[in-house]
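Novice: Before I ask anything, let me first share the structure, which is written out below as structure tokens.
The values are calculated or read from the model by the stated rules, or taken from the named source; none is laboratory data. Predicted model, so just to flag it, every value in this text is computed and none were measured. Note that each Cβ is placed from the backbone with ideal geometry, even for glycine, and that neighbours are counted across all protein chains shown. Just so you know, the surface numbers come from the protein's heavy atoms only, side chains and all, with ligands and any DNA or RNA stripped out. Shrake-Rupley method; radii C 1.70, N 1.55, O 1.52, S 1.80 Å.
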Amino acid sequence: MKLITTATELEKEFRRLTNQYEQFYWATAWASSGSKLFNDLVQNKDKIQKIVVGIHFYQTHPDFIETFLNDKKVRFIQQPEGTFHPKFYLFTDNTNNWELIIGSANFTTEAFSRNIEASILISDKDSNSADIYKTAIKMVEQTFSNGKTF
């Protein structure tokens, strides 16, 4: 387990995970385009299994939505009651080889450059990892089923 407290470190870990793992399961409140991480995601979009992005308060950039407009593995959610607000990025090859970033960072340019964010990096080597993995997959599955494609 590792605490990540700088944008530079968060971006570095995210880029490493994007290149290292074969499957992505994410749920994030907002997303933007135009960053290195966005470009990495687009270049690795075949690794996307399920990504759910919120569109509350018009914070998800239209270019992000347009990029994944017809992608069946990316859904958008507008929760009528409350706010869809997770920041949850699972990178995995299988149940025994995975890492999860969970914390305050949305998938936005600002989160990985200017904002002060705090995240935890958890892996299959941490205690209680089997339960964490199952819960992570379940959370993405549940929110994905509530999301919509455009």
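Novice: Can you name the residue in the range 94-114 that is closer than 27 Å to HIS56 by Cα and charged (D, E, K, R) and, of all such residues, is most open to solvent (accessible area, probe 1.4 Å)?
Specialist: ARG114
Novice: Could you give every pair whose Cβ atoms fall below 7 Å, whose first residue belongs to the range 94-106 and is modelled with pLDDT of 95 or more, and whose second residue is surrounded by fewer than 17 Cβ atoms within 10 Å (Cβ to Cβ) and among the β-branched types (Val, Ile, Thr), counting only separations of at least 6 or pairs across chains?
Specialist: ILE102/ILE120; GLY103/ILE120
Novice: Considering the range 121-150 alone, what residues qualify as being among the aliphatic types (A, V, I, L, M) and under 13 Å from the mean Cα position of the chain (by Cα)?
Specialist: Looking only at the range 121-150, we keep the residues that are among the aliphatic types (A, V, I, L, M), and these are 121-122, 130, 132, 136-137, 139-140.
LEU121, ALA136, ILE137, MET139, VAL140, listed by residue number.
Novice: Hey, THR60 hits all of (1) closer than 26 Å to THR149 by Cβ; (2) modelled with pLDDT under 95; (3) surrounded by fewer than 20 Cβ atoms within 10 Å (Cβ to Cβ) but one; which does it fall short on?
Specialist: Result: THR60 passes all but (3).
Novice: Would you call LYS72 among the basic types (Lys, Arg), loosely packed, with under 12 Cβ neighbours inside 10 Å and free of Cβ contacts under 8 Å to residues at least 12 places away in the same chain?
Specialist: The answer is no for LYS72.
Novice: Restricting attention to the range 15-40, which residues are touching a Lys or Arg at 6+ places or on another chain (Cβ under 9 Å), within 29 Å of THR95 (Cβ to Cβ) and in a helix (DSSP H, G or I)?
Specialist: ARG15, THR18, LEU37, ASP40
Novice: Quick check on this structure: which one of GLU81, GLU117 is over 22 Å from TYR21 (Cα atoms), in a loop (DSSP other than H, G, I, E, B), open to solvent by 20 Å² or more (accessible area, probe 1.4 Å) and at pLDDT 95 or above?
Specialist: On the way: GLU81 fails: at pLDDT 95 or above.
Of the residues listed, the single one that is over 22 Å from TYR21 (Cα atoms), in a loop (DSSP other than H, G, I, E, B), open to solvent by 20 Å² or more (accessible area, probe 1.4 Å) and at pLDDT 95 or above is GLU117.
Novice: Hey, another quick one. So, GLU22, is that one among the charged types (D, E, K, R), under 18 Å from ALA118 (Cβ atoms) and either open to solvent by 10 Å² or more (accessible area, probe 1.4 Å) or at pLDDT below 95 (or both) or not?
Specialist: Here the answer is no, as GLU22 does not meet what is asked.
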